[in-house]
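Presented below is the structure to which this report refers.
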Amino acid sequence: MIKQLAHLCILTKDLEKSRWFYCEVLGLEEGFVFKRDEKPIGFYVKLGENTFIEVFKGEVVEQGNIRHMAIEVEDMDGVIARIREHGVEVSNKTMGADHSWQAWVIDPDGNEIEFHEYTKESLQLRGGVCQVNWQD
């Protein structure tokens, strides 16, 4: 039986810059470190209960089929302020077609991250049909 997403693995050109972004800028907690011959080659960051982002040093290639990752937040304004305090560009919050607040940031390796703050009307919580007006 499928329970939930365990982790999403991304590659980085610069392990320390990614650690700074995910742990310092976003404020996520490091779960553990991967080492080979005592040399760090990757790390996990905690993203909620038993869900993680796995980051490995490696060759960053063109974007594949994953467009972005979405992270649920409780205080969108606080998240945006924290990111901007670190000198990182982040969009203003907007209301999505799904009735959830959203804001966007790009990590040091070009991965798009969407922050989601659910509202009482969010389709993620209520279900329904999400009418959109954008083109593919």
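A short reminder: the numbers here are calculations on the coordinates, not readings from a lab. This structure is a prediction, so every number in the text was calculated from the model and none was measured. Here the Cβ is made from the backbone with ideal geometry for all residues, glycine too, and neighbour counts use every protein chain on show.
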Check: Which ³J(HN,Hα) values, rounded to whole Hz and listed in residue order, are derived for the stretch 36-48 from phi using the Karplus coefficients 6.51, -1.76 and 1.60 in 6.51 cos²θ - 1.76 cosθ + 1.60 with θ = phi - 60°, glycine and proline given as x?
Finding: 10, 6, 6, 9, x, 10, x, 7, 9, 10, 6, 9, x
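For the stretch 17-133, what's the relative contact order in percent, using C-alpha pairs closer than 8 Å and at least 6 residues apart? Can you show the working numbers first?
Details: 174 pairs, mean separation 23.3, N = 117.
Once divided by the residue count of the stretch 17-133, the mean separation gives 20 percent.
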Item checked: In range of the label at GLU16: residues from the stretch 101-116 whose backbone nitrogen is under 17 Å from the point 7 Å along Cα→Cβ -> 108-109
Notebook entry, point to check: Relative to the longest principal axis of the chain, what angle (0 to 90°, nearest 10) does the C-alpha long axis of helix 76-85 take?
Noted result: 40 degrees
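Once you list every other residue whose beta carbon is under 14 Å from the beta carbon of GLU114, what net charge do they have if Lys and Arg are +1 and Asp and Glu are -1?
Working: positive: ARG67, LYS93; negative: GLU72, ASP98, ASP107, GLU112, GLU117.
Residues close to GLU114 contribute a combined charge of -3.
With contacts defined as alpha carbon pairs under 8 Å and 6 or more residues apart, what's the relative contact order of the stretch 67-128 in percent?
36 percent
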Check: Among LYS3/LYS46; LYS57/LYS93; LYS13/LYS93; LYS17/LYS46; LYS13/LYS39, which pairs are too far apart, with a Cα-Cα distance over 24 Å?
Finding: LYS57/LYS93; LYS13/LYS93
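Of the DSSP beta bridges with both residues in the chain, give the percent that are antiparallel, rounding to the nearest 5. Intermediate results must be reported in sequence, preceding the final value.
Values: 20 of 30 bridges.
Antiparallel bridges make up about 65 percent of those DSSP assigns within the chain.
Taking the Cβ-Cβ separation of ILE66 and TRP134 as r and a Förster radius of 30 Å, what is the calculated FRET efficiency to the nearest 0.05? Don't skip to the answer; put the middle values down first.
Values: r = 19 Å, r/R0 = 0.62.
Plugging the Cβ-Cβ distance into 1/(1 + (r/R0)^6) gives 0.95.
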